[in-house]
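Just below is one structure, and these are the notes that go with it.
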Amino acid sequence: MNKLKILVIGGGGREHAIIMKLAESKRVEKLYCAPGNGGISRFAECFDVKATDLDGIVALAKKIMPDMTVVAPDDPLVLGMVDALNAEGFATFGPSKAAAIIEGSKAFAKELMEKYNIPTAKYKIFDNSIHAIEYIRTENKYPVVIKADGLALGKGVIIAQNEEEARRAVQSIMEDGIFGKSGEKVVVEEFLTGTEATVLAFTDGKTLIPLISSKDHKRALDGDRGLNTGGMGTIAPNPAYTPQIADECMEKIFLPTMKAMAAQGRRFKGCLYFGLMLTKDGVKVIEYNCRFGDPETQVILPLLDTDLADIFEAVYHERLSEIDIKWKEQHCACVIMASGGYPQGYQTGLFISGLNNKGQSAPDITVYHSGTKFEGNDFLTSGGRVLGITASGKTLDEALEKTYSAVKKINFKDSFYRNDIGQLQRGLRTKD
């Protein structure tokens, strides 16, 4: 059995989940991460190199000579990190720059779906704010969805409830430049109603294997109120995602997308994220991402019963069809503990109580670190989303009960979390 040294690029909860799953592999002898975070540093050797520093990451790879490099975040993928590493002979997990455009440009994604008859919401693309506002006024259908074309840290989508909100949204994105160059074009979409679901899939460009479904909660506050965030919690599997819906998605969305990307000369190898809306007219694609979701990864990988290192290698060598991916018959829940003020301004450097030296809270609970640093013998906050407390159970209720029980034992100043992840909405609860 060949032993592997694996470098993971990124520094959030998703990367922590990948690191923890790889640590279970008997084949993995050494884990590295760049830049990592406080929690990751307890399980992998971390290097202070930004995930978007292509030259810096390539230089690091030449220094440590990993057998596999996993590029997890969207920014370096869209910039071409995989291409830069491949050019130097390094094995990678993640799509090329040409394939990562499926997330890097929402306009590209919508046009791909239209060309290949993949079901999605009605849309129009604009590079002129006046034309966009006029179209919205003429359509006169609200709510209306306005998306910045490029990457915007998961916050580039605005749902406007009326004409005035829509006008302000278009102006803030296109004229005020709140998302920089990512907002030079916008996609205006019809608002879909139904139940949301997320499905990630491993693909080597020839074979596609869906992972367990999940449900993300994007809004900051209970009852799906407040601003959009990078995600406040998740559950898996998604109760609404039935075997019949899974078959429909495979036939009409998953395989057609993989084949469409190959037909465009953009073969996708890595983890392809499908954001779905289960509508009365069938399943429709809300968005694609070119990588593992966050915090979806934190509830999916704990349920994986196959060596993740084997899967990464199979995707890279285009032998995914040879892998039998198995799952635990359990449910998983993740609750994000965030800094007061997130997703806007928030304080950092706050002491976190309730964690042991490994950054965990209990033997059967996994605490994934999103925004932490480890100084001396203490964990301190360093981001907006700080921790993802995760637990598995035979039922969803059991998983949620264990998760929220663990949340109550962890504290940092002004922390807050949603109290209705995977369950009926109740009021917002901040830490007491």
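The values are calculated or read from the model by the stated rules, or taken from the named source; none is laboratory data. Predicted model only: the values in this text are computed from it and were never measured. Methodologically, a virtual Cβ is constructed for each residue, glycine included, from the backbone with ideal geometry; neighbour enumeration extends over all protein chains shown. Surface accessibility is based on the protein's heavy atoms, side chains included, excluding ligands, DNA and RNA. Shrake-Rupley method; radii C 1.70, N 1.55, O 1.52, S 1.80 Å.
The table that follows gives values for the structure above.
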{"quantity": "Range of Cα positions in segment 3-124 per principal axis (Å), largest first", "calculated": "48, 27, 24"}
{"quantity": "Accessible area per residue, Å², the chain with all protein chains present, probe 1.4 Å", "calculated": "42"}
{"quantity": "For the chain, diffusion coefficient by Stokes-Einstein and Kirkwood Rh (Cα), 4 °C, 1.567 mPa s, µm²/s", "calculated": "59"}
{"quantity": "Using a Förster distance of 22 Å, the FRET efficiency for R219-D414 (Cβ separation, nearest 0.05)", "calculated": "0.70"}
{"quantity": "With every protein chain in place, segment 283-373: carbon and sulfur % of accessible area (1.4 Å)", "calculated": "41"}
{"quantity": "Spherically averaged projected area in nm², based on the convex hull that wraps the Cα atoms of segment 216-361", "calculated": "12.2"}
{"quantity": "Value of Rg/Rh across segment 269-332 [Cα atoms, Kirkwood radius]", "calculated": "1.02"}
{"quantity": "Kirkwood-based Rg to Rh ratio, segment 110-256, C-alpha trace", "calculated": "0.99"}
{"quantity": "Whole-number D in µm²/s for segment 321-419 (Stokes-Einstein; Kirkwood sum over Cα pairs; 37 °C, 0.692 mPa s)", "calculated": "230"}
{"quantity": "Cut-off 10 Å between beta-carbons: net charge of the residues surrounding A148, Lys and Arg +1, Asp and Glu -1", "calculated": "+3"}
{"quantity": "Ratio Rg/Rh [Cα only; Rh per Kirkwood] for segment 165-232", "calculated": "1.08"}
{"quantity": "Cα pair count fraction exceeding 17 Å, expressed as % - segment 307-375", "calculated": "64"}
{"quantity": "Cα gyration tensor, segment 35-81 - rounded (a/c under 1.5), prolate or oblate", "calculated": "oblate"}
{"quantity": "Per-residue SASA entry for R385, accessible area with 1.4 Å probe, Å² rounded to 10", "calculated": "50"}
{"quantity": "Neighbour cut-off at most 14 other Cβ (10 Å), DSSP loop, trypsin sites (Lys or Arg not before Pro), segment 235-322", "calculated": "K280, R319"}
{"quantity": "Paramagnetic reach from L227 (point 7 Å along Cα→Cβ, amide N under 19 Å) across segment 304-342", "calculated": "336-342"}
{"quantity": "Three principal axis lengths of segment 364-428 [C-alpha, angstrom, descending]", "calculated": "38, 27, 17"}
{"quantity": "Simple label model, 7 Å out from Cα along Cβ direction - T52 to E114, nm", "calculated": "2.9"}
{"quantity": "Helix-only CD estimate at 222 nm, as mean residue ellipticity for the chain, using -39500 (n - 2.57) per DSSP H run (n ≥ 4)", "calculated": "-7500 deg cm²/dmol"}
{"quantity": "Residue among T242, T198, T403 with the largest mean-square fluctuation in a Gaussian network model of the chain, springs linking Cα atoms under 10 Å", "calculated": "T242"}
{"quantity": "Counted charge near V187, where neighbours are those whose Cβ lies closer than 9 Å (Asp, Glu -1; Lys, Arg +1)", "calculated": "+3"}
{"quantity": "Aspartates and glutamates with Cα under 16 Å of K50, excluding same-chain neighbours fewer than 8 positions away", "calculated": "E15, D74, D75"}
{"quantity": "Accessible-area composition of segment 1-62, carbon plus sulfur, in percent [1.4 Å probe]", "calculated": "47"}
{"quantity": "Taking the convex hull of Cα positions in segment 1-70, its mean projected area over all directions (nm²)", "calculated": "4.2"}
{"quantity": "From phi via Karplus (6.51, -1.76, 1.60), per-residue ³J(HN,Hα) for segment 154-161 in Hz, x at Gly/Pro", "calculated": "x, 10, x, 10, 10, 9, 8, 8"}
{"quantity": "Around M81: net Lys/Arg minus Asp/Glu count, Cβ-Cβ under 13 Å", "calculated": "-3"}
